Amino acid sequence: MTTLESLTIGRRGGQQVRQWLLDMLASGRYAAGSKLPTERALSEQLGVPRSAVRNALAALEAEGLVVRRIGSGTFAAERRTPAQETRPPLVSVSDASPTEIMEARLLIEPRIAALAVAHATVQDFERMESCNRNAEGADDFQRFEHWDAALHQAIAEATHNRLIIGIYTAITRARDQADWGELKRRSLTPERRDNYREEHRRIVAALRARDAATAEAALLDHLRRVRQNLLGI
């Protein structure tokens, strides 16, 4: 047999093994985690050279359909759904940078105003006022930052939209866990703190008045000031 003939048989054998294994995997004969037959067993069962089996398994491993473990054998891989294949990896909120936090806040918070105006209750407004009063009386950074974040969370919760509340809760957690705190601490002068307090009062007043346009504009102006102070942009 010539070298060309051997290569031709090997390629055909590899295709045969690959197709057989694909059929077995698709049928559930080898469920996720199941051990496949050895190279020798497949070679004998299918009547092909072991090199053909080895090549077929290497191709399936590259496709993520099987996993080969040295000393243990070859196993059927976990099947991934189309959604899993296209879904980006999840990122912890603790990985969010101050820039990412500000981008998210500028995109989301001003739009929240209209829903808060439409759905906020008397209790929601009282909670916002309480956050402002506590921020007014905060004489250190940590307490001020706590009540600052609490106010913005209260506005989100005043929408009574569970999805929006969940999204904004992630932003609040990111403020707690990222480099945000240190950057805010360095940028927060007494004058800026007073500006934030005044802006917070205007935001809550507009929400209480059920004036969505003014509340949205006040939130946007406030967030742009925060971004300038924190990031210089």
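The values are calculated or read from the model by the stated rules, or taken from the named source; none is laboratory data. Owing to the predicted nature of the structure, the values given are computational and were not obtained by experimental measurement. Note that we place each Cβ from the backbone using ideal geometry, even for glycine, and neighbour counts take in every protein chain shown.
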- Residues of region 205-233 classified as among the aliphatic types (A, V, I, L, M), in a helix (DSSP H, G or I) and surrounded by fewer than 20 Cβ atoms within 10 Å (Cβ to Cβ), total: 8
- Task: Scan region 221-233 and report the pairs whose first residue is over 11 Å from Pro98 (Cα atoms) and whose second residue is among the hydrophobic types (A, V, I, L, M, F, W, C) and surrounded by 14 or more Cβ atoms within 10 Å (Cβ to Cβ), with Cβ atoms within less than 6 Å and a gap of 6+ or a chain change.
- Result: Leu223/Leu106
- Message: Pairs needed: first member in region 108-119, closer than 10 Å to Leu219 by Cα and in the same structural domain as Asn161 (by TED's automatic domain parsing); second member anywhere, part of a helix (DSSP H, G or I) and not small (Gly, Ala, Ser); C-beta distance under 6 Å; at least 6 residues apart or different chains.
- Response: Glu109/Leu219; Pro110/Glu216; Pro110/Leu219; Pro110/Leu220; Ala113/Glu216; Ala113/Leu219
- Query: List the pairs whose first member sits in region 162-176 and is closer than 15 Å to Ala116 by Cα, whose second member is at pLDDT 80 or above and outside any helix (DSSP H, G or I), and whose Cβ atoms are under 9 Å apart, counting only residues at least 6 apart or on separate chains?
  - Reply: Ile165/Thr159; Tyr168/Thr159
- Arg201 within 15 Å of Asp148 (Cα to Cα) and either in contact (Cβ under 8 Å) with a residue 24 or more places away in the chain or among the basic types (Lys, Arg) (or both): yes
- Would you call Ala118 modelled with pLDDT of 90 or more, surrounded by fewer than 16 Cβ atoms within 10 Å (Cβ to Cβ) and either assigned to a loop (DSSP other than H, G, I, E, B) or of a type in the set (Gly, Ala, Ser) (or both)? yes
- Task: All but one of (1) of a type outside the set (Val, Ile, Thr); (2) modelled with pLDDT of 85 or more; (3) over 14 Å from Ala76 (Cβ atoms) hold for Lys35, so report the exception by its number.
- Result: (3)
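Listed here are the residues, each with its yes/no results for (1) more than 17 Å from Ala104 (Cα to Cα); (2) modelled with pLDDT of 95 or more.
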{"position": "Arg143", "(1), (2)": "yes, no"}
{"position": "Gln177", "(1), (2)": "no, no"}
{"position": "Gly181", "(1), (2)": "no, no"}
{"position": "Pro190", "(1), (2)": "yes, no"}
{"position": "Arg197", "(1), (2)": "yes, no"}
{"position": "Arg202", "(1), (2)": "yes, yes"}
{"position": "Thr214", "(1), (2)": "yes, yes"}
